[in-house]
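Everything below concerns the one structure shown next.
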Amino acid sequence: MVDTSPAMRITSFKGRNFRCFESIEFEPATGVNVVSGDNATGKTSILEALYLLGRGRPFRNGKPRELIKQGAQHFALHGRLQSSGELSHRIGIAGNNNALRYKLDDRNRTTRFDLATTLPLQLIDPDLHRLLEKGPRHRRHFLDWGVFHVEHHFFMAWRQYHRILRQRNRALKSGLPNNQVVVWDGEMARAADVMDRCRRKYVDRLREHMSARVLRLLGGQMPHMAYRSGWRDNDFSATLQASLEQDRKAGFTRYGPHRGDLQFEVDGVQARAHVSRGQQKLLAAALLLTQARILQQEMNIKPVLLFDDPAAELGPDFLQGLIAEVQSLDCQVFMTFLDPQVAVSQCDNASVFHVEHGCVTALQ
């Protein structure tokens, strides 16, 4: 991994043959950047390209070849990053029909995790409600992204745990003898314990930092947040031992951090059943903005924030509250809007870029 900067921002961006664009090039502002244009002109594709630079994968489902403009053989994206001090980086990603390749400065080998460490960014999009509505995988991804940036022991334990989990599952699926299955259990339990402790500490941070933000955005409805470790007993080694025969029948390891979850309740009812779709989005947005504030206050890191059509399904008052929260973070922000005046009227010194016919033009 690389050292992160307190305020790493994108100062220039260019790409070729990505989605609907033959060529993209612009120099974003360090504050709020509004990307406007009609539907289907490529506004979301610009956010996806920026997201790729920081996460190493697209936020929309699809294979690498679906990112390539029709008729081309590959795509390439490049960004230049600058901190508030002297630190700068060059970051890039290229893809063909089968794979993605990453590049950070002049390193011979760059991984997705190098990108995530160098350019922390967070996405708030129209499908944000999935964080509450869909299965635990979405909430684990949200949780682990935050833990990754603030708990230094987490990533090594996470990587070790999932390596062992794959080996143990192969042994179970192949029907190997018990001694060839449980040989992994001690090391697996140690990695699980580190992951669990890091996650619990981070959930405590979320509770501490989230309260006022959620109350402002949701109008007084305070959700209850509960972390589920992914196993039934305090002792994960005992859980592995007790569930061995059931794991054999299933052909995989049924308990562990890979089954962990965050659950949210409002007035004693699960949030996905209690609040409207718009309120679900606001709650999810509040959680993501809370992650950004934790990074800022505890790690002195300001992530880049990506907002895809934040006006969708939100009334003017809720949208105004959301934008006010965003501006209070003093991060670099990219927002897409059909009508840029909606954002300009509520954002201080926003820079506006218009997307039309495959071109990005600075308006102000």
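Restrict the check to the stretch 130-140 and report whether at least one residue is out of contact with any Ser or Thr (no Cβ under 9 Å at 6 or more places or on another chain), in a loop (DSSP other than H, G, I, E, B) and acidic (Asp, Glu).
No, that holds for no residue.
Yes/no matrix, rows are residues, columns are (1) crowded, with 20+ Cβ neighbours inside 10 Å; (2) assigned to a strand (DSSP E or B); (3) assigned by TED's automatic domain parsing to the domain that holds TRP158:
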position: PHE264; (1), (2), (3): yes, yes, yes
position: THR290; (1), (2), (3): yes, no, yes
position: ASP317; (1), (2), (3): no, no, no
position: GLN320; (1), (2), (3): no, no, no
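Could you pull out the residue among ARG232, ARG277, ARG248 that is under 21 Å from PRO126 (Cα atoms) and either in the same structural domain as ARG166 (by TED's automatic domain parsing) or more than 20 Å from the chain's Cα centre (by Cα) (or both)?
Values: ARG232 fails: under 21 Å from PRO126 (Cα atoms); ARG248 fails: under 21 Å from PRO126 (Cα atoms).
One residue alone meets the criteria, ARG277.
Name the strands (runs of 3 or more DSSP E) wholly inside the stretch 6-97 in which the number of residues that are out of contact with any helix residue (DSSP H, G or I) (no Cβ under 9 Å at 6 or more places or on another chain), of a type outside the set (Val, Ile, Thr) and in the same structural domain as HIS138 (by TED's automatic domain parsing) is 1 or more.
Hits in the stretch 6-97: none.
Residues checked against (1) modelled with pLDDT of 90 or more; (2) part of a loop (DSSP other than H, G, I, E, B):
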| position | (1), (2) |
| --- | --- |
| ARG254 | yes, yes |
| ALA273 | no, no |
| ALA284 | no, no |
| CYS331 | yes, yes |
| VAL355 | yes, no |
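Checking GLN346 against (1) surrounded by fewer than 23 Cβ atoms within 10 Å (Cβ to Cβ); (2) closer than 28 Å to HIS149 by Cα; (3) of a type in the set (S, T, N, Q), which single condition isn't satisfied?
(2)
Filter the stretch 326-338 for residues that are surrounded by fewer than 19 Cβ atoms within 10 Å (Cβ to Cβ) and in contact (Cβ under 8 Å) with a residue 12 or more places away in the chain and give the result.
GLN327, LEU329, ASP330, LEU338 - these are the residues of the stretch 326-338 that are surrounded by fewer than 19 Cβ atoms within 10 Å (Cβ to Cβ) and in contact (Cβ under 8 Å) with a residue 12 or more places away in the chain.
Please give the number of the condition ALA116 fails out of (1) outside the structural domain of ARG207 (by TED's automatic domain parsing); (2) assigned to a loop (DSSP other than H, G, I, E, B); (3) not charged (D, E, K, R).
Going through (1) outside the structural domain of ARG207 (by TED's automatic domain parsing); (2) assigned to a loop (DSSP other than H, G, I, E, B); (3) not charged (D, E, K, R) one by one, ALA116 breaks only (2).
Which one of the conditions (1) in a loop (DSSP other than H, G, I, E, B); (2) touching a Lys or Arg at 6+ places or on another chain (Cβ under 9 Å) does ASN108 fail to meet, given that it meets all the rest?
That leaves (2) as the condition not met.
Given (1) under 25 Å from GLN296 (Cα atoms); (2) in contact with a Ser or Thr (Cβ under 6 Å, 6 or more places away or on another chain), where does LYS103 come up short, assuming only one miss?
Single failed check for LYS103: (1).
Just a yes or no: is a residue in the stretch 300-310 under 19 Å from the mean Cα position of the chain (by Cα) and farther than 29 Å from LEU87 by Cβ?
Of the stretch 300-310, the ones under 19 Å from the mean Cα position of the chain (by Cα) are 300-310.
Applying the additional criterion that residues be farther than 29 Å from LEU87 by Cβ yields 309-310.
The answer is yes, given that some residue of the stretch 300-310 is under 19 Å from the mean Cα position of the chain (by Cα) and farther than 29 Å from LEU87 by Cβ.
Going residue by residue through the stretch 67-75, is there one that turns out to be surrounded by 13 or more Cβ atoms within 10 Å (Cβ to Cβ), among the polar types (S, T, N, Q) and either free of Cβ contacts under 8 Å to residues at least 24 places away in the same chain or farther than 26 Å from LYS43 by Cβ (or both)?
Scanning the stretch 67-75 turns up no residue that is surrounded by 13 or more Cβ atoms within 10 Å (Cβ to Cβ), among the polar types (S, T, N, Q) and either free of Cβ contacts under 8 Å to residues at least 24 places away in the same chain or farther than 26 Å from LYS43 by Cβ (or both).
How many residues are under 21 Å from PRO120 (Cβ atoms) and in a helix (DSSP H, G or I) if we restrict to the stretch 147-200? Give the derivation first.
Quick first cut of the stretch 147-200, residues under 21 Å from PRO120 (Cβ atoms) only: 147-159, 195, 198-199.
Adding the requirement that they be in a helix (DSSP H, G or I) leaves 147-150, 154-159, 195, 198-199.
Of the residues in that region, 13 qualify.
Among all residue pairs at least 6 apart or on different chains, which show Cβ distances below 6 Å where the first residue, located in the stretch 295-308, is assigned by TED's automatic domain parsing to the domain that holds LEU115 and the second is among the charged types (D, E, K, R) and not in a helix (DSSP H, G or I)?
Filtered contacts from the stretch 295-308: ASP308/ASP125.
The values are calculated or read from the model by the stated rules, or taken from the named source; none is laboratory data. What you see is a predicted model; the values in this text were computed from it and never measured. Here the Cβ is made from the backbone with ideal geometry for all residues, glycine too, and neighbour counts use every protein chain on show.
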